[in-house]
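Worksheet for the structure shown next.
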Amino acid sequence: LDRVNREQGKELGDAVIRACVARMERALTDDMCMFRVGGDEFVVVIHGTHDKKFYEGRVRSIILPMADGEKGVLPHHEEMFLAVSIGEMHFQKEDGEWVDVFVSGGFAEISNNRCQVLVMTVELPEEIDYNRAMEAKERAEEELRQKRSIQEYYHSSVSLARAIERMKAAQRHMH
């Protein structure tokens with residue numbers, strides 16, 4: 001989209017976003033909602049797919065993976081809505097213990113002195129099968145080498161990023 005804005009003008013870029021939003025809205029069902037995070041990033045929330053809670057309780061701080069680095073959240077943080085990227089999330093429990101987990105994208109809502117993180121998957125790094133992640137990386141790389149549709153390209157790109165980040169998380173926590 002940056003290229004469209006730069007080469008064709010912001011008006012055309014805005015028209016492309018409006019067309020994409022209209023197409024995405026037509027695909028939504030009653031149990032879904034969509035949020036524009038910023039720029040050309042959107043989050044679609046599908047209710048009722050995963051109701052499993054990984055952790056619920058008080059924490060001293062939480063560090064979320066973001067597209068441009070990490071975002072630290074402390075008690076009494078200002079209210080905001082954030083897009084969470086693929087990567088490692090860290091949080092410190094009340095007793096001082098740090099917990100590191102791998103997350104594969106989603107969003108976080110900070111409101112009323114609470115931080116609710118909703119992500120597609122959560123894994124403890126020591127539970128990640130490094131060889132399986134390596135195989136997923138190789139499959140995604142092969143899919144990217146094949147000339148496919150733009151949708152398949154994006155899917156393969158996300159799969160590759162997820163596999164690489166899972167491998168990094170597993171390596172950092174190998175004993």
query: Which fully enclosed strands (runs of 3 or more DSSP E) of the stretch 37-100 have 1 or more residues being at pLDDT 85 or above?
result: 59-66, 69-73, 80-93
- prompt: Is it fair to say Ser149 is in contact (Cβ under 8 Å) with a residue 12 or more places away in the chain and among the polar types (S, T, N, Q)?
  reply: no
statement: Selection from the stretch 109-135 of residues under 18 Å from His90 (Cβ atoms) and in a helix (DSSP H, G or I) yields Pro125, Glu126, Glu127
Single match in Lys168, Lys147 (criterion: of a type outside the set (S, T, N, Q) and part of a loop (DSSP other than H, G, I, E, B)): Lys147
query: Which one is modelled with the highest pLDDT among residues in the stretch 136-156 that are open to solvent by 40 Å² or more (accessible area, probe 1.4 Å) and polar (S, T, N, Q)?
result: Gln146
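Just to be sure before I move on: is Gly105 under 28 Å from Gln171 (Cβ atoms), small (Gly, Ala, Ser) and modelled with pLDDT of 90 or more in the structure I sent?
Values: under 28 Å from Gln171 (Cβ atoms): yes; small (Gly, Ala, Ser): yes; modelled with pLDDT of 90 or more: no.
It is false that Gly105 is under 28 Å from Gln171 (Cβ atoms), small (Gly, Ala, Ser) and modelled with pLDDT of 90 or more.
Taking the stated definitions as given, is Arg162 touching a residue at least 24 places away in the same chain (Cβ under 8 Å) and either open to solvent by 100 Å² or more (accessible area, probe 1.4 Å) or in a helix (DSSP H, G or I) (or both)?
Yes.
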message: Restricting to the stretch 100-120, give me the number of residues that are open to solvent by 20 Å² or more (accessible area, probe 1.4 Å), over 8 Å from the mean Cα position of the chain (by Cα), within 15 Å of Lys53 (Cα to Cα) and in contact (Cβ under 8 Å) with a residue 12 or more places away in the chain.
response: 3
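Yes or no, residue by residue, for (1) free of Cβ contacts under 8 Å to residues at least 24 places away in the same chain; (2) open to solvent by 50 Å² or more (accessible area, probe 1.4 Å):
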site	(1), (2)
Tyr55	no, yes
Gly69	yes, no
Gly72	yes, no
Pro75	no, yes
Gln92	no, no
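The values are calculated or read from the model by the stated rules, or taken from the named source; none is laboratory data. Treat the numbers as computed from the prediction; the structure is a model and nothing was measured. All Cβ positions, even for glycine, are placed from backbone atoms using ideal geometry, and neighbour counts span all protein chains on display. Remember, those area values only see protein heavy atoms, side chains included, never the ligands or the DNA or RNA. Shrake-Rupley method; radii C 1.70, N 1.55, O 1.52, S 1.80 Å.
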